[in-house]
Amino acid sequence: MLHRPLALASGLTVGDYALWNWSLAGNREILALISGLLLTPLAIAFVWLLVLSVMRLLAHTAQRPRSRQAAARRRTQPVGEPALGGESPWEDERAAASSSSKLAA
């Protein structure tokens, strides 16, 4: 996952906020108006990207234990044992071969 959009949005938001404060302190009304109008959409975009990043992080950490459990289950399972308690694939092949030999006879 790339963090560039979040870093870019946060940098632009902080920079625009600094420009807005500087222009208000220096009695630059036009620049303060422009940067103030741009500050709201930038802040909304920053918060949206931050929420998306947190949700992705939560989803990633929620999926990680399941994959670890499955890998541990595969490592501890004896060779030749069925994966989930069903019949092994070799038994299915033997049953199919015996039924086809009965049809041929």
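Observations, loosely collected:
- The modelled label-to-label distance for the pair Gln63/Leu37, using points 7 Å beyond Cα in the direction of Cβ, is 4.2 nm.
- Residues of segment 11-35 with amide N under 19 Å of a point placed 7 Å along Cα→Cβ from Trp48: 11-17
Quick note: the coordinates plus some simple rules give every number you see, no bench work behind them. Computed from a predicted model, the values in this text were never measured in an experiment. Ideal geometry is used to build each Cβ from the backbone, glycine not excepted, and the neighbour counts take in all protein chains shown.
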